[in-house]
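A short worksheet on the structure shown next.
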């Protein structure tokens, strides 16, 4: 479960005034979800950083593949396309969170379950 944080001061504790209205320690009245900020875990930040690195590596590999095609370098082309496939596979499968994989698994096996 994610915690809500005040966008002004970063406080996690609020006082409830009315339905849909809370008061922060800094004195700000929070009435909309946009007044809050979600706290992200360290694992989520690391996953986002890894995804960004892989995406930039994919972009560089595509440039190198184009360069190999221009120079008619077949060996370099094969090496970089294999590396590109690995990056795409890693981006698609390895970095998905467990809940997403679980939902995907249930969706694939939906016809096997009988309720």
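Every number in this text was worked out from the coordinates using simple rules, so none of it is lab data. Given the structure is predicted, the values throughout are model-derived calculations rather than measurements. Virtual Cβ from ideal backbone geometry, glycine too; neighbours counted across all protein chains shown.
Numbers below:
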| quantity | calculated |
| --- | --- |
| Sorted by Cβ neighbour density within 10 Å, fewest at the top, the residues 7, 29 | 29, 7 |
| Cα gyration tensor shape of region 42-96, rounded if a/c is under 1.5, else prolate or oblate by comparing a/b with b/c | prolate |
| Which of 4, 60 has the fewest Cβ neighbours within 10 Å, and the rest in rising order | 60, 4 |
| Proxy reagent accessibility, fewest Cβ within 10 Å first, across 22, 81 | 81, 22 |
